Amino acid sequence: MRILVTNDDGIHAPGLLELVRVLAPLGELIVIAPERQQSATGHGITLHKPLRMAPVKLGAPVQEAYATNGTPADCTILATADGRPAPDLVVAGINAGANLGEEVLYSGTVSAAMEAALQGINSFAISVTAYEDCEFATAAEFAGTLAGRMAGCDLPADTFLNVNVPSLPPDELGPATLTRLGRRRYINSLDRRVDPRGHSYYWFSGEPLECDCDEGTDIAAVRAGMISVTPVYFDMNFRGARRHLKELLDGLVE
Ligand code: MN
């Protein structure tokens, strides 16, 4: 099995090495990760500047490893550069910080996995729920098991798994559970500051407002200390549009 390991936290993020360590026994690894932090860069790809890929030594059991100036979605695309065969599996993570609810739209980690899904490649994104002092071991172990399963089992078209693991030691971690995406809106409060030259600038300082964290959601699962496994399917069509937008569209569209 040929596995691409990528992330959005950057090539030197500790979670990436944890994935490499656990996935190495399963096949041939290629690591392509952003040269610097690319969290919350979404599904952007690089069209307007040269996309570079420089070999790096990870000090880990990896056949090839590269740092790129591109985005996480670029990393998935770069896996087939120079005639390389497409990977059989793309694993993105282990991200520091959960990716729950609509965070999947902003997450570079999730976008790398989604890009693979769009290309018909098995993939999953995996995150732990802490930003510092992350407990990666349990998430890594789950990633290894899941990757092993995926070796003999294709996901449905346009589908990938979004996995979130509570940052807990093994004896405190609950079982894995199948979930749906909850809703976690950000109140996008912008903290306005002034630089030494008198110009204003802004920091995002939004706190998430969880507005669907009912049982069955990814949010509820990690809150209960369980590993959340959400199958995400790319289909943004609103099938009820004809009924729900009747007044708006009447006479405007056929
Ligand atoms: Mn990240």
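The values are calculated or read from the model by the stated rules, or taken from the named source; none is laboratory data. Bear in mind the structure is a predicted one, so any value in this text is a computation, not a measurement. Cβ coordinates were reconstructed from backbone atoms using ideal geometry, including for glycine residues, and neighbour counts include every protein chain displayed. Each accessible area value is taken on the protein alone, full model and side chains, heavy atoms only, with ligands, DNA and RNA left out. Shrake-Rupley method; radii C 1.70, N 1.55, O 1.52, S 1.80 Å.
Okay, residues lined up against (1) touching a residue at least 12 places away in the same chain (Cβ under 8 Å); (2) more than 22 Å from residue 128 (Cα to Cα); (3) of a type in the set (Lys, Arg):
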site: 212; (1), (2), (3): yes, no, no
site: 224; (1), (2), (3): yes, no, no
site: 227; (1), (2), (3): yes, no, no
site: 234; (1), (2), (3): yes, yes, no
site: 237; (1), (2), (3): no, yes, no
site: 245; (1), (2), (3): no, yes, no
site: 251; (1), (2), (3): no, yes, no
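Looking at region 124-154 only, could you name the residues that are more than 24 Å from residue 224 (Cα to Cα) and either among the basic types (Lys, Arg) or in contact (Cβ under 8 Å) with a residue 40 or more places away in the chain (or both)? 147, 148, 149, 150, 151 - these are the residues of region 124-154 that are more than 24 Å from residue 224 (Cα to Cα) and either among the basic types (Lys, Arg) or in contact (Cβ under 8 Å) with a residue 40 or more places away in the chain (or both). Against the numbered list (1) open to solvent by less than 50 Å² (accessible area, probe 1.4 Å); (2) among the β-branched types (Val, Ile, Thr); (3) more than 21 Å from the chain's Cα centre (by Cα), residue 159 comes up short only at (3). Can you name every residue in region 1-14 that is over 18 Å from residue 137 (Cα atoms), open to solvent by 10 Å² or more (accessible area, probe 1.4 Å) and in a loop (DSSP other than H, G, I, E, B)? Listed by number, the list holds a single entry, 1. Reported count of residues in region 30-57, each being within 18 Å of residue 115 (Cβ to Cβ) and modelled with pLDDT under 95, is 1.
If the requirement is being open to solvent by 30 Å² or more (accessible area, probe 1.4 Å) and closer than 23 Å to residue 162 by Cα, which of these qualifies: 29, 23, 17? Within the list 29, 23, 17, the selection yields 17.
Need a quick list: strands (runs of 3 or more DSSP E) entirely within region 39-113 having at least 3 residues that are within 13 Å of the ligand (Cβ to nearest atom) and either open to solvent by less than 20 Å² (accessible area, probe 1.4 Å) or in contact with a helix residue (DSSP H, G or I) (Cβ under 6 Å, 6 or more places away or on another chain) (or both). By residue number, 89-96. The single condition from (1) more than 14 Å from the ligand (Cβ to nearest atom); (2) open to solvent by 50 Å² or more (accessible area, probe 1.4 Å) that residue 129 fails is (1). Is at least one residue of region 139-154 within 15 Å of the chain's Cα centre (by Cα) and not in a helix (DSSP H, G or I)? Checked against the condition, which is being within 15 Å of the chain's Cα centre (by Cα) and not in a helix (DSSP H, G or I), region 139-154 yields no hits at all. When the criteria are applied in full, residue 19 fails the requirement of being in a helix (DSSP H, G or I), away from the ligand (no atom under 16 Å from the Cβ) and at pLDDT 95 or above.
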